[in-house]
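Here's the structure we're looking at; comments come further down.
The values are calculated or read from the model by the stated rules, or taken from the named source; none is laboratory data. In this text, all values refer to a predicted model and were calculated from it rather than measured experimentally. Glycine gets a Cβ as well: all are built from the backbone with ideal geometry, and neighbour counts include every protein chain shown. Areas reflect the complete protein model, heavy atoms only, side chains present, ligands, DNA and RNA absent. Shrake-Rupley method; radii C 1.70, N 1.55, O 1.52, S 1.80 Å.
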Amino acid sequence: MQQHDVVVVGAGLAGQRAALAAVEAGRDVAIVTKLHPLRSHSGAAQGGINAAVGAEDSVDTHIYDTVKGSDYLGDQDAIEFFCREAGPTVVEMEHFGTIFSRGPDGSLARRPFGGAGFPRTIYAADRTGLALLQALWERLGTERFTLYDEWDLIDLVVRDGRVQGLVALDRKGGEFQEIAAKAIVLATGPAGRIYGRTTNAHSCTGDGVAAAYSAGGYLKDMEFVQFHPTALLETSILITEGARGEGGYLKNASGDRFMSQYAPHVLELASRDVVSRAIVTEVLEGRGFTGPYGGYVHLELMHLGKEKVESRLQEICDFCRNFAGIDPVTEPIPVYPAQHYMMGGVGTDIHGATNVPGLFAAGECACVSIHGANRLGGNSLLETLVFGKEAGVAAAAFAASAAKPALHESDLEPAVAPLRGWMARGEGEDPSTLRTEMQRIMERYVGVYRNEGDLLEGLKQLRAVRERFDRVRVVDQSKVFNMNLIDAIETGHMLDLAEVIIVGAYARTESRGAHSRTDYPKRDDAKWMKHTLAKRGPEGPQLSYAAVGFTRWEPKERVY
């Protein structure tokens with residue numbers, strides 16, 4: 001059995017930044033990750049990272065934009081801390097070796113992003129996440145920590161009122177393993193594969209969020225699911241908000257630049273929830289294009305010119321040409337919203353601490369909450385770095401005074417016995433079939449627009465799928481890279497989280513940010529200015545609520 005002071009689960013930007021902070025604090029650190037760190041989903045982030053730098057912008061404006069973007073559900077103390085750390089964080093990453101794009105005078109280039117009152121999104125062409133990830137990986141250095149590469153999180157072990165360690169599956173060796181830890185940082189990223197149409201990678205299955213839920217952790221605001229307005233129609237590949245930040249237009253089948261009807265002041269640069277609803281409305285009301293993959297609208301970049309499109313949106317050009325047979329320099333891009341980000345996650349404080357002592361979380365798997373009901377583009381990369389560092393510092397401090405973890409060999413069997421049962425079953429349900437059915441349910445009933453009837457029907461159908469999962473069967477009996485087993489593990493995680501999303505969405509009888517109820521179209525501050533907390537119970541999610549943190553900004557109507 002291996003033992004470390006701090007174990008970080010996940011190796012994207014949040015995980016690496018947490019590990020670096022814990023290493024620099026003098027702790028023995030390990031990273032457990034199901035794919036190589038440089039293949040982490042952080043590398044898919046395209047558009048940029050927000051920071052108020054330069055005399056023209058201000059931290060207060062960044063704070064206000066984030067509060068407003070959250071539809072006033074973000075905790076303002078956390079948002080203020082977050083935005084004040086933005087400038088130093090970007091400077092630090094530049095010193096670590098991140099090669100950002102530059103303006104003509106040599107200063108950091110900035111582009112406009114939706115919901116922002118000033119162009120403050122700093123970028124590296126349209127590969128910002130990858131540039132940050134490579135620089136941070138080089139800074140971290142593989143000799144400073146232990147890497148458990150291609151290991152899948154199975155369970156967290158909690159005993160005597162604190163975390164004691166974890167159980168994981170070594171994909172390469174095919175063995176279940178225990179790792180004892182004084183502190184654990186979850187940084188496992190998103191759970192977008194709960195939906196069929198998503199910009200998320202196939203690895204984004206909510207493993208850390210589900211493990212925290214099973215271990216008694218509170219999940220916070222899970223009903224708030226962000227849909228990115230512009231995903232490539234057939235494949236759902238992300239077309240960065242930077243495309244609109246550079247001046248791209250959205251047009252319907254009549255050639256109208258329809259955002260003038262929904263956000264007359266900022267048009268395509270409204271917040272993501274506003275633009276997503278606008279696109280869906282255009283299609284539902286018959287003003288979209290139609291095709292074999294459903295309705296859609298056009299994103300036009302042609303008027304920007306070849307040099308600008310190919311220099312600032314290099315990856316978008318590659319995606320369109322290679323995956324859609326379209327040249328965005330001369331042709332419009334067919335787009336439609338796809339699931340993109342989870343505002344909710346494991347509930348934490350500013351320092352990443354959860355309600356389970358010794359368990360911390362950061363990045364998209366966590367909910368601080370800074371995004372509230374809707375995240376602004378450019379704030380997610382910043383979140384990984386600011387709160388990854390905070391969680392790493394806090395976990396290292398906890399580990400410095402914690403007793404030796406009491407993880408026993410007998411902790412392994414309860415965690416893996418159900419999985420062995422799946423492999424021993426002679427007949428049963430195929431996990432990939434159940435996953436596809438879950439995705440269909442979430443697409444149909446828990447999308448951009450929601451209502452009571454759809455949510456109840458979706459919950460009914462999802463729980464039927466969860467009952468079928470009790471009979472899941474793993475046909476593949478091999479030990480090495482048993483992807484059939486991994487598929488079953490991940491599907492179980494996502495089914496748990498999908499139920500939490502629907503239950504929270506049904507309970508919240510208002511429209512706020514990305515949660516849009518057609519039967520409750522107005523925001524209800526008197527009743528719903530509060531966070532949803534979900535804890536696992538014997539009959540499903542048990543909901544409670546917590547107050548939103550206010551400092552300076554009073555709620556008002558959110559218009560763009």
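Check ARG277 against each of (1) within 22 Å of the chain's Cα centre (by Cα); (2) open to solvent by less than 40 Å² (accessible area, probe 1.4 Å) and name the one condition it does not meet.
It fails just one condition, (2).
Give all pairs with beta carbons closer than 6 Å in which a residue from the range 27-54 that is over 28 Å from CYS83 (Cβ atoms) and free of Cβ contacts under 8 Å to residues at least 24 places away in the same chain meets a residue that is surrounded by 24 or more Cβ atoms within 10 Å (Cβ to Cβ) and of a type in the set (Gly, Ala, Ser); count only pairs at least 6 apart in sequence or on separate chains.
none
Just wondering, is there one or more residues in the range 169-183 that are charged (D, E, K, R), in contact (Cβ under 8 Å) with a residue 24 or more places away in the chain and closer than 21 Å to GLU364 by Cβ?
Within the range 169-183, not a single residue is charged (D, E, K, R), in contact (Cβ under 8 Å) with a residue 24 or more places away in the chain and closer than 21 Å to GLU364 by Cβ.
Do we find that PHE289 is in contact with a Pro (Cβ under 9 Å, 6 or more places away or on another chain) and open to solvent by 40 Å² or more (accessible area, probe 1.4 Å) in this structure?
On the way: in contact with a Pro (Cβ under 9 Å, 6 or more places away or on another chain): yes; open to solvent by 40 Å² or more (accessible area, probe 1.4 Å): yes.
The answer is yes for PHE289.
Which ones in the range 4-40 are open to solvent by 10 Å² or more (accessible area, probe 1.4 Å), more than 21 Å from PHE398 (Cβ to Cβ) and of a type in the set (A, V, I, L, M)?
Listed by number, the residues that qualify are LEU35, LEU38.
Condition first: in contact with a Pro (Cβ under 7 Å, 6 or more places away or on another chain) and within 19 Å of HIS371 (Cα to Cα). Can you find one or more residues in the range 187-203 that meet it?
yes
ASP519: in contact with a helix residue (DSSP H, G or I) (Cβ under 6 Å, 6 or more places away or on another chain), open to solvent by 10 Å² or more (accessible area, probe 1.4 Å), under 30 Å from ASP149 (Cα atoms) and not aromatic (Phe, Trp, Tyr), yes or no?
No; evaluated as a whole, the condition is false for this residue.
Looking only at the range 41-62, which residues are crowded, with 24+ Cβ neighbours inside 10 Å and of a type in the set (A, V, I, L, M, F, W, C)?
Once the filter is applied, which keeps residues that are crowded, with 24+ Cβ neighbours inside 10 Å and of a type in the set (A, V, I, L, M, F, W, C), the range 41-62 yields ALA45, ILE49, ALA51.
When you go through THR188, THR198, THR240, THR205 one by one, which is the residue that is open to solvent by 10 Å² or more (accessible area, probe 1.4 Å), closer than 18 Å to GLY43 by Cα, among the hydroxyl-bearing types (Ser, Thr, Tyr) and touching a residue at least 24 places away in the same chain (Cβ under 8 Å)?
After ruling out the rest, the residue left standing is THR188.
So, in the range 443-468, of the ones that are touching a Gly at 6+ places or on another chain (Cβ under 7 Å) and open to solvent by less than 30 Å² (accessible area, probe 1.4 Å), which residue ends up nearest to PRO229 (Cα to Cα)?
VAL446
Consider THR433 against the criteria (1) crowded, with 22+ Cβ neighbours inside 10 Å; (2) modelled with pLDDT of 95 or more: it satisfies all of them except one. Which criterion is unmet?
Going through the list (1) crowded, with 22+ Cβ neighbours inside 10 Å; (2) modelled with pLDDT of 95 or more, THR433 breaks only (1).
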